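First up is the structure itself, then whatever we jot down about it.
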Amino acid sequence: MTMKTAIRLSLAASALALAAGAAQAQDTVKACLITKTDINPFFVKMKEGATAKAEELGIELMTFAGKVDGDHETQQQAVESCIAAGVKGILITASDTKAIVDSVSQARDAGILVIALDTPLDPIDAADATFATDNREAGRLIGAWAAGKLGDEAANAKIAMLDLTPSAPSVDVLRDQGFLEGFGVDVKDENVIGDEDDARVIGHETTSGNEEGGQSAMEALLQRDPDINVVYTINEPAAAGAYEALDSFGKADGVLIVSVDGGCPGVANVEAGVIGATSQQYPLEMASKGIEAISAFAKDGSKPENSEGLDFVNTGVNLVTGEPVEGVESISIEEGKDRCWG
């Protein structure tokens, strides 16, 4: 082989390598995960699930999060960034389920698969699919448990409702209304928080889904009625804050606190008696299945199918308690610890 031939072959090989590299880069599937915050253990686990599945499937994943729960503007900017980056799919837990719809519509118009995780958009079909806990059932379970635990005294309950944000995203409404239905309260319009006229409900306060918010919300409601004996909380960080407030008022004993999440700190609080029962959901499952759906969409354009009889893909929920109530299905604290996250 002459020197000239060797150089030509070397140049040809380099050109092929560059072309292959460019083609490979062009073929890389990109996806986005947009969560409400990056602090709440629920969203931390969601990010872990999405990241692990993306690495397994060779998907380039970009992640974004609001500064606090309710930070719609940051999420809106994240959707715009994802569209500009040419992603094939977006997974989002929306802070404002109505206001984000226009941005989501722009993404879908650009040929992007949009999947809502945990929190359905309003309307739910504003996204291509929703992968979520059955949040109404999660609320119903803790409501039915609290009513069963009180027995005849449920008729005399004084209930504090610790919700999420003033914008009342769908997950907020579903859990709140599910709890009240499970407890036996007429909710009037199931899509509206706070329109019930049952005297047992002392009031609603928002928590931003964190411990500080839970504490201040509980303090406000105790000032309204110091004899509150049932506390519903949107999630376990809010429940921890509510307990701190009750404890500081010397009222922690004899008050039932119920919640939704099933994170390891929350299950530990069930074991410690801080929380009576919690509905456990599975964020890693939501996120990993979401990435799988984006991968399938990128390959053949297929979209997820809803669970039978539902308008979303149900990723499961279980009531965790150390004090089972007849007629309310639950799992033990030990099983809850085996399946918890965070």
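The values are calculated or read from the model by the stated rules, or taken from the named source; none is laboratory data. Every value quoted in this text rests on a predicted model; they were computed, and no experiment measured them. Neighbour counts run over all protein chains shown; Cβ positions are idealised from the backbone, glycine included. Note: areas computed on protein heavy atoms with side chains; ligands, DNA, RNA excluded. Shrake-Rupley method; radii C 1.70, N 1.55, O 1.52, S 1.80 Å.
Summary table
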quantity: So V79, is it farther than 19 Å from S208 by Cβ, at pLDDT 95 or above and in a helix (DSSP H, G or I); calculated: yes
quantity: Enumeration of residues in the range 86-107 that are among the small types (G, A, S), surrounded by fewer than 22 Cβ atoms within 10 Å (Cβ to Cβ) and in a loop (DSSP other than H, G, I, E, B); calculated: G86, A99
quantity: Flag for E153 being touching a helix residue (DSSP H, G or I) at 6+ places or on another chain (Cβ under 8 Å) and either in a helix (DSSP H, G or I) or of a type in the set (G, A, S) (or both); calculated: no
quantity: Residue in the range 192-247 that is surrounded by the fewest Cβ atoms within 10 Å (Cβ to Cβ), counting only those that are more than 18 Å from L164 (Cα to Cα) and among the polar types (S, T, N, Q); calculated: Q223
quantity: Lone qualifier among V258, V270, V325 - being open to solvent by less than 40 Å² (accessible area, probe 1.4 Å) and assigned to a loop (DSSP other than H, G, I, E, B); calculated: V325
quantity: Members of the range 223-238 found to be of a type outside the set (D, E, K, R), free of Cβ contacts under 8 Å to residues at least 40 places away in the same chain and in a helix (DSSP H, G or I), listed by number; calculated: Q223
quantity: Condition check for D122: at pLDDT below 95, of a type in the set (D, E), open to solvent by 40 Å² or more (accessible area, probe 1.4 Å) and not in a helix (DSSP H, G or I); calculated: yes
quantity: Search result, residues across the range 290-322 that are assigned to a helix (DSSP H, G or I), closer than 16 Å to V114 by Cβ and not hydroxyl-bearing (S, T, Y); calculated: G290, I291, E292, A293, I294, A296, F297, A298
